[in-house]
Amino acid sequence: MDVLFLFLIALGLSLAMIAAWAVQRRTGASGWIDTIWSFAVGIGGIVAIVIADGTQERRLAAFLLVAVWSIRLGSHIGSRTKGGGEDPRYAKLVEEWGGDASKRLFLFLQIKALAGFILVLAIYLAAFSTASFPHSLDLIAVVIGLLAIAGEALSDRQLARFRKKPEAKTEVCEEGLWRYSRHPNYFFEWLYWCSWPLLALTGPSPFAWAALLAPALMYWLLVHASGIPPLEEHMLRSRGEKFRALQRRVNAFFPGPRKEEA
């Protein structure tokens, strides 16, 4: 295991989040944080693939999965931010932190860099596997990864289309995938990271199990920490009873049948 190179990747992610902090402080647009993070994790993942000892075919498949994910997500968030869209989660944090906002945001983004490194480690462990490619688990992993990227892109597109409508300022989105999950984009983001343990576990490495940390971490972040809770708090403030009604009839995370309101 290339410990030195992994340390350099971790350092690079930390520096990227320092740059994201500086950009947010200068522009006031917090959307650039996740734009930079998405590209930084993608670059870190590609470097991890390059230094891994896995077969060429496995590393190529891993490269394609990382590159498509990073470019798609980073471009989407960057385009949304450039268009003037602000991320209410970060805006609320900065408001709550008050005079300590600059320092606390800096520390928060270093934690985000650590989370990014855990994801990159899963990519490295998948590319590190010397098992022949494609194993049956590999094929399942690639299909899951590609479906997750497509599903997240589709849900983002559906939400963007809804936001262009005049009623979007007062209504909630229930179009397409948003009829079956209140956060389908988050679900597909988590599903994407489920593909990496499958790629890693095909190999003989005793460290392969550590790749399971990626989907576990992403689930906790999205469902219990920086994803759904602050975003739904914002939606309750801005949409009130309309969003409460949505909560009663649509699952928060996993897509499922709509419920009848009592």
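A quick yes/no check of all residues on (1) at pLDDT below 95; (2) β-branched (Val, Ile, Thr):
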position	(1), (2)
ALA48	no, no
THR55	yes, yes
GLY74	no, no
GLU86	yes, no
ARG89	yes, no
GLU95	yes, no
ALA101	yes, no
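Condition check ((1) more than 30 Å from GLU57 (Cα to Cα); (2) touching a Gly at 6+ places or on another chain (Cβ under 7 Å); (3) not hydrophobic (A, V, I, L, M, F, W, C)) across all residues:
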residue	(1), (2), (3)
ILE111	yes, no, no
LEU119	no, no, no
THR130	no, yes, yes
HIS135	no, no, yes
ALA150	no, no, no
PHE162	yes, no, no
ALA168	yes, no, no
TYR186	no, yes, yes
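Out of (1) touching a Phe, Trp or Tyr at 6+ places or on another chain (Cβ under 7 Å); (2) polar (S, T, N, Q); (3) closer than 21 Å to SER70 by Cβ, what's the single condition that is false for SER205? The failed condition is (3).
Remark: pairs (first residue in segment 146-163, closer than 13 Å to TYR192 by Cβ and in contact (Cβ under 8 Å) with a residue 24 or more places away in the chain; second residue among the acidic types (Asp, Glu) and buried (at least 16 other Cβ atoms within 10 Å of the Cβ); Cβ separation under 6 Å; 6+ apart in sequence or on different chains) = GLU152/GLU189. Within segment 170-188, the residues that satisfy the criterion of being crowded, with 18+ Cβ neighbours inside 10 Å and either of a type in the set (Ser, Thr, Tyr) or in a helix (DSSP H, G or I) (or both) are LEU177, TRP178, SER181, PRO184, ASN185, TYR186, PHE187, PHE188.
Every residue, every condition in (1) farther than 30 Å from ARG244 by Cβ; (2) in a helix (DSSP H, G or I), yes or no:
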| site | (1), (2) |
| --- | --- |
| SER132 | yes, no |
| ASP138 | yes, yes |
| ALA141 | yes, yes |
| LEU154 | no, yes |
| GLN158 | no, yes |
| ALA168 | no, yes |
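Among residues of segment 24-42 being surrounded by fewer than 18 Cβ atoms within 10 Å (Cβ to Cβ) and without any contact (Cβ under 8 Å) to a residue 40 or more places away in the chain, the one that is nearest to MET218 (Cα to Cα) is GLY28. Residues in segment 121-137 that are under 9 Å from THR202 (Cβ atoms) and crowded, with 24+ Cβ neighbours inside 10 Å: ALA126, SER129.
If the condition is being open to solvent by 90 Å² or more (accessible area, probe 1.4 Å), modelled with pLDDT of 95 or more, in a loop (DSSP other than H, G, I, E, B) and in contact with a helix residue (DSSP H, G or I) (Cβ under 8 Å, 6 or more places away or on another chain), then segment 243-262 contributes only PHE254.
Selection within segment 51-62: residues that are part of a helix (DSSP H, G or I) and in contact (Cβ under 8 Å) with a residue 24 or more places away in the chain. The member of this set that is most open to solvent (accessible area, probe 1.4 Å) is GLU57.
For (1) open to solvent by 60 Å² or more (accessible area, probe 1.4 Å); (2) without any contact (Cβ under 8 Å) to a residue 60 or more places away in the chain; (3) in a loop (DSSP other than H, G, I, E, B), each residue gets a yes or a no:
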site	(1), (2), (3)
ILE46	no, yes, no
SER70	no, yes, no
LEU93	no, no, no
ASP100	yes, yes, no
LEU107	yes, yes, no
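The values are calculated or read from the model by the stated rules, or taken from the named source; none is laboratory data. The structure presented is a predicted model; accordingly, all values stated were derived computationally and were not measured. Here the Cβ is made from the backbone with ideal geometry for all residues, glycine too, and neighbour counts use every protein chain on show. Quick note on the areas: whole protein, heavy atoms, side chains included, nothing else; ligands and nucleic acids left out. Shrake-Rupley method; radii C 1.70, N 1.55, O 1.52, S 1.80 Å.
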